[in-house]
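Enquirer: Encoded as structure tokens, here's the structure I'll be asking about.
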Amino acid sequence: VQLQASGGGLVQPGGSLRLSCAASRSIFSINVMGWYRQAPGTQREWVAQITDSDITHYADSVKGRFTISRDNAKNTVFLQMNSLKPEDTAVYYCNSVVYGRAPTWGQGTLVTVSS
């Protein structure tokens, strides 16, 4: 599967953005889809994930502000980001995991939170 992330941009603190991760084929059989981010000079960190049973998990730093969801009919996973902070500035990547196989990564989309 190939993944295409989009939706990044420049937003003021307190604002919102919705990221999309479109897959090249059905995501119905993908076990876990997730979002990661990497700020300049730091390691990539996990942000959120959603399973094929719609179970979600979030990093403590985004819990209560970000929401991950999946639309199997559109082969797309979303990350709704609210109450954005400057420390959320990063390149955001989506990935997919099928158990027993290496994960697949999409290209990143840049989110900049600044006034």
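The values are calculated or read from the model by the stated rules, or taken from the named source; none is laboratory data. Treat the numbers as computed from the prediction; the structure is a model and nothing was measured. Positions of Cβ are generated from backbone atoms using ideal geometry, with glycine treated the same way; all protein chains shown enter the neighbour counts. In case anyone asks, the SASA skips ligands and DNA or RNA and just uses the protein heavy atoms, side chains included. Shrake-Rupley method; radii C 1.70, N 1.55, O 1.52, S 1.80 Å.
Enquirer: Test LEU19 against the criterion of being assigned to a strand (DSSP E or B), of a type outside the set (Val, Ile, Thr), under 9 Å from the mean Cα position of the chain (by Cα) and within 21 Å of LEU110 (Cβ to Cβ), and give yes or no. Write out each step before concluding.
Expert: Working: assigned to a strand (DSSP E or B): yes; of a type outside the set (Val, Ile, Thr): yes; under 9 Å from the mean Cα position of the chain (by Cα): yes; within 21 Å of LEU110 (Cβ to Cβ): yes.
When the stated conditions are applied, LEU19 passes them.
Enquirer: Any idea which of VAL47, VAL62 is crowded, with 20+ Cβ neighbours inside 10 Å, within 12 Å of the chain's Cα centre (by Cα) and assigned to a loop (DSSP other than H, G, I, E, B)? Walk me through it before giving the result.
Expert: Values: VAL47 fails: assigned to a loop (DSSP other than H, G, I, E, B).
Exactly one residue qualifies, and that residue is VAL62.
Enquirer: Next up: At pLDDT below 95, aliphatic (A, V, I, L, M) and touching a strand residue (DSSP E or B) at 6+ places or on another chain (Cβ under 9 Å) - does that describe any residue in region 34-42? Let's see the steps before the verdict.
Expert: First, pick out the residues of region 34-42 that are at pLDDT below 95: 40-41.
With the extra rule that they be aliphatic (A, V, I, L, M), the set shrinks to none.
No - not one qualifying residue is present in region 34-42.
Enquirer: Hey, can you tell me all the residues within region 53-89 that are in contact with a Pro (Cβ under 8 Å, 6 or more places away or on another chain) and closer than 14 Å to LEU19 by Cα? Give the steps one after another, and end with the answer.
Expert: The first filter runs over region 53-89 and keeps only residues in contact with a Pro (Cβ under 8 Å, 6 or more places away or on another chain), leaving 84-86.
Result: LEU84, single match.
Enquirer: If you check VAL47, VAL62, which single one turns out to be in contact with a helix residue (DSSP H, G or I) (Cβ under 8 Å, 6 or more places away or on another chain), within 16 Å of ASN82 (Cβ to Cβ) and of a type in the set (A, V, I, L, M, F, W, C)?
Expert: Unique residue meeting the criteria: VAL62.
Enquirer: Which pairs have Cβ atoms under 7 Å, sit 6 or more apart or on different chains, and link a residue in region 83-100 that is on the phi > 0 side of the Ramachandran plot and open to solvent by 30 Å² or more (accessible area, probe 1.4 Å) to one that is polar (S, T, N, Q) and in a strand (DSSP E or B)?
Expert: none
Enquirer: Going by what's in this entry, would GLN80 be described as of a type in the set (S, T, N, Q), open to solvent by less than 70 Å² (accessible area, probe 1.4 Å), touching an Asp or Glu at 6+ places or on another chain (Cβ under 9 Å) and under 19 Å from LEU3 (Cβ atoms)?
Expert: Values: of a type in the set (S, T, N, Q): yes; open to solvent by less than 70 Å² (accessible area, probe 1.4 Å): yes; touching an Asp or Glu at 6+ places or on another chain (Cβ under 9 Å): no; under 19 Å from LEU3 (Cβ atoms): yes.
No.
Enquirer: Just need a number here: residues in region 1-44 that are in contact with a helix residue (DSSP H, G or I) (Cβ under 7 Å, 6 or more places away or on another chain), hydrophobic (A, V, I, L, M, F, W, C) and either over 16 Å from SER96 (Cβ atoms) or surrounded by 14 or more Cβ atoms within 10 Å (Cβ to Cβ) (or both).
Expert: The number of residues fulfilling the criteria is 1.
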